[in-house]
Structure formats: structure tokens, C-alpha cells
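S.K.: One structure is given below, represented as C-alpha cells, and several questions about it will come after.
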């Protein structure tokens, strides 16, 4: 897999590397966000045990500002029967970087990142809690579509959003 970043404005994506660990150690989520996502170092532990989970760092001016996991079929199958989809999970932006448009921009460059690094994938899917209205809005502005699929999660109903590629 290619680990180079793709930059649009000041936002780029890169696969997690050990050099990002110090900044990710100092990663904070608001109380509202922490209901829906875990801090990166907790998510990285799951990635170490599951090779179908690919940790990705959102960079803002080269500095880690956010984090998410791209999860292969093992993650997708709970939400879709599309074996050529990839699941976006655990998405967050560190509170000190919020309000700069980083979330929206990172989701826009995500499609080319997936195309380059997972060329067999034809769709990105994600599950978002029905109460997480702010995240739903950001995902939809970045081109994710609600096709009406609902799944019960640990914290309530999840909306499954799709972005065809």
C-alpha cells in the first residue's frame, strides 16, 4: 500500500505510522464525540489484532488532526453485502482542530485515497448513530447518501451511509 499523502488545501491523509504516536497520545474528543468514537490509540489496539483494519491519520498542515479506520469485509459485512465496499469507522477530529473544515475536506480527499490504496473497492460505507446529527450532516455534505438502511448498534439505531466510487 502506498503511504504517501494526498493534499488538498491543508488537509491530507496518510496511513498510521509510529511517528504520529506522540501527537495521537495528546488527542481529545468532546464529551459528545466520545460517545461515538474512541481515541486513536484505543482503536490502534484493535488494528494490531485485525489485519483487515487499516488506521489512517488526518493531517492538517502536516500535523495529526484526526483519525479513522478503513475496515475491509470483516467490518463491511455487518452493514452491507457489497464485498467490494470498505467501511469507514471510528472517524474523529481532535477537538483542538475542530471548526477549520478539516472533517469535510478529509472526507472529500478520502475517495482518491481509497481509489489509490484499495483499487478494487467501489463504495465507502459508514454507520452513524441516529442521534449524531452533526456527523450525519458532515458526511452528507461530503457526498455520502442515506439509502434508508438501519442497523441496531450498541448505542442505538445506526444509519448506514454510502458513497459510491
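Please treat every number below as a calculation from the coordinates, not as lab data. This one's a predicted model, so the numbers in the text were calculated from it and none came from an experiment. Positions of Cβ are backbone-derived with ideal geometry, glycine not excepted, and every protein chain shown enters the neighbour counts.
S.K.: Output the Kirkwood hydrodynamic radius of region 87-129, Cα pairs only, in Å rounded to one decimal.
M.R.: Evaluated over region 87-129, this radius sits at 11.8 Å.
S.K.: Sticking with this one: Calculate, in nm to one decimal, what residue 32 and residue 45 gain on full extension: separation in residues at 0.36 nm each, minus their alpha carbon distance.
M.R.: Extra length available between residue 32 and residue 45 comes to 2.4 nm.
S.K.: Report, as a whole number in µm² per second, the diffusion coefficient that Stokes-Einstein gives for region 1-115 at 25 °C and 0.890 mPa s using the Kirkwood radius over alpha carbon pairs.
M.R.: Translational D for this selection: 171 µm²/s.
S.K.: Here is a follow-up. How many nm is it between the label spots at residue 82 and residue 137, if each spot is 7 Å from the Cα in line with the beta carbon?
M.R.: Those two pseudo-labels are separated by 2.6 nm.
S.K.: Now, a different point. Tell me what the chain gives for mean residue ellipticity at 222 nm when only DSSP H runs of n ≥ 4 count, each as -39,500 (n - 2.57), the sum divided by the residue total, rounded to 500 deg cm²/dmol.
M.R.: Result for the chain, helices only: -8000 deg cm²/dmol.
S.K.: Averaging sequence separations of C-alpha pairs under 8 Å and six or more residues apart, then dividing by the length of region 1-113, give the relative contact order as a whole percent.
M.R.: With pairs under 8 Å counted, the relative contact order is 29 percent.
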